[in-house]
1. Checking the condition crowded, with 21+ Cβ neighbours inside 10 Å, in the same structural domain as M98 (by the TED database), modelled with pLDDT of 85 or more and touching a Leu at 6+ places or on another chain (Cβ under 9 Å), which residue from L165, L160, L176 passes?
2. Does V182 satisfy the criteria of being under 19 Å from L375 (Cβ atoms) and in a helix (DSSP H, G or I)?
3. If you scan segment 222-266, which residues turn out to be under 22 Å from S192 (Cα atoms) and assigned to a loop (DSSP other than H, G, I, E, B)?
4. Could you list all residues from segment 235-289 that are out of contact with any Asp or Glu (no Cβ under 8 Å at 6 or more places or on another chain) and among the aromatic types (F, W, Y)?
5. Quick one: how many residues across segment 96-138 are among the small types (G, A, S), in contact (Cβ under 8 Å) with a residue 40 or more places away in the chain and open to solvent by 10 Å² or more (accessible area, probe 1.4 Å)?
6. Being within 28 Å of V130 (Cβ to Cβ), at pLDDT 85 or above and either open to solvent by 10 Å² or more (accessible area, probe 1.4 Å) or hydroxyl-bearing (S, T, Y) (or both): is that true of L502 here?
7. Before we move on, is L200 in contact with a helix residue (DSSP H, G or I) (Cβ under 6 Å, 6 or more places away or on another chain) and not in a helix (DSSP H, G or I)?
8. Within segment 369-469, which helices (runs of 4 or more DSSP H) (wholly inside it) include 2 or more residues that are buried (at least 24 other Cβ atoms within 10 Å of the Cβ)?
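The values are calculated or read from the model by the stated rules, or taken from the named source; none is laboratory data. Here the structure is a predicted model, which means the values were calculated and not measured. Cβ atoms come from the backbone with ideal geometry, glycine included; neighbour counts cover every protein chain shown. Just so you know, the surface numbers come from the protein's heavy atoms only, side chains and all, with ligands and any DNA or RNA stripped out. Shrake-Rupley method; radii C 1.70, N 1.55, O 1.52, S 1.80 Å.
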Amino acid sequence: MEEDLFQLKQLPVVKFRRTGESSRSDEDGISGEHEVQIEGVRTELEPVELGDGAAVPKEFANPTDDTFMVEDAVEAIGFGKFQWKLSVITGLAWANAMEMMILSILAPQLHCEWRLPSWKVALLTSVVFVGMMSSSTLWGNISDQYGRKTGLKISVLWTLYYGILSGFAPIYSWILVLRGLVGFGIGGVPQSVTLYAEFLPMKARAKCILLIEVFWALGTVFEVLLAVVVMPTLGWRWLLILSALPLLLFAGLCFWLPESARYDVLSGNQEKALATLKRIATENGAPMPLGKLVVSRQEDRGKMRDLFTPHFRWTTLLLWFIWFSNAFSYYGLVLLTTELFQAGDVCSISSRRQEVKAKCSLTCEYLTEEDYTDLLWTTLSEFPGVLVTLWIIDRIGRKKTMALSFLVFSFCSLLLFLCVGRNVLTVLLFIARAFISGGFQAAYVYTPEVYPTATRALGLGTCSGMARVGALITPFIAQVMLESSVYLTLLVYSGCCLLAALASCFLPIETKGRGLQESSHKEWGQEMVGRGSHSPG
């Protein structure tokens, strides 16, 4: 007996402890570390430290708990083959930037071919934004009520159908209606970010969401290159049809997409959520946590009132203004760029506007090869914006990243007051667009992180809708007000971004290093803290 007890004392007992944060929450009395005591025997435990992002060894995965949450499983499984596939497929949906970029190419072509007056050409652009604005909240509600996969698939297939149909429009009224319906579908495509974010571990979330934003920039570049090849030979109808190619690829691959496990748990479908998590673990070659998956309290989903609870009221209002300012400034800069390049500098723009006024509204000017080159260079500024945001967002946080982006844009806008040459003008516009696009991308990271699963899609949808309001208003500033005073126009954009920078700083929640909140009935961060942060007693 004494010999057996002596051998038992020699056995090493291993204690598992994860370094870093977890999304688990239990009663405060529960510690994240568990010691095993054998009566009459004092056993020293050997702590095993895991570095950030390290997978839990299979033999130690959740060794003492009998339950786990979706967040635990996502963190334990980590980033792998499944997430790479998901990145490509959701990225194809995000490449719908081609449907937006085509507006700058289609407008002058139809202006010449159908002899449209300027206001009808402008209406072709506006009707797309009207469609997006009117549908963004609806698609968010659908995604919260019926699933992220359902909302995304319907919106993409809708956009694909009416996008191809636009190529067969016989008259102006037909293409106006069809492009409006395309805009209605595009309003739901941002839900790809909601679906994508809910499968990402905490450490990789910001970087991965920013990287699928690269598909937006790739879509705009590909659209310009496609136009260079297609427009001189096949014409604008074939360009409309071929621009739907990424969405067609998505439609062929979307059968692979699973429904969000977070959504399934919240809607009470525990078995489906568990099957999805096991599928991810198998594809990534990682172990599942042991024990039983905890089913969250079922609650109403996609309710607008939940965006204005005491916990989220200020967050919602500030985010609406931030998204409005992002789109207002981004699309305003796109419109200003053409005017400033053609005038040479700010000081010459007033005289040029007077010359343009003297021209007939039916004056026809097709896009030249030089115009396509300028469009290409302008869109390339999106890539530096992604890289800068990627580098700073996990260093200084989401709020400060958005604030910095707005401040740099505002500063560059003020510098345009100087009568700088074309080269300096190009540099300032390039920097301004890089940072305002980076701020847009940071907002796409922050918004899905700050809202709970029950209202995440709706929150993103309403923010996207406010962005479209900004995009609708900005032509009146960048084109109408510009005729009266270029300096007042620049001051409006600069002032708006200064206010947006302040709004970013006043956001009550910083989501850097936090898990995704599952329930709206808990204080924000209550289930984000993790077991390891509780102290015994």
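1. Selected residue: L160, the only one of L165, L160, L176 that is crowded, with 21+ Cβ neighbours inside 10 Å, in the same structural domain as M98 (by the TED database), modelled with pLDDT of 85 or more and touching a Leu at 6+ places or on another chain (Cβ under 9 Å).
2. no
3. Correct list: S243, A244, L257, P258, E259, S260.
4. Listed by number, the residues that qualify are W238, F250, F255, W256.
5. Total meeting the criteria: 5.
6. Here the answer is no, as L502 does not meet what is asked.
7. Here the answer is yes, as L200 does meet what is asked.
8. Answer list for segment 369-469: 382-396, 398-415, 422-450.
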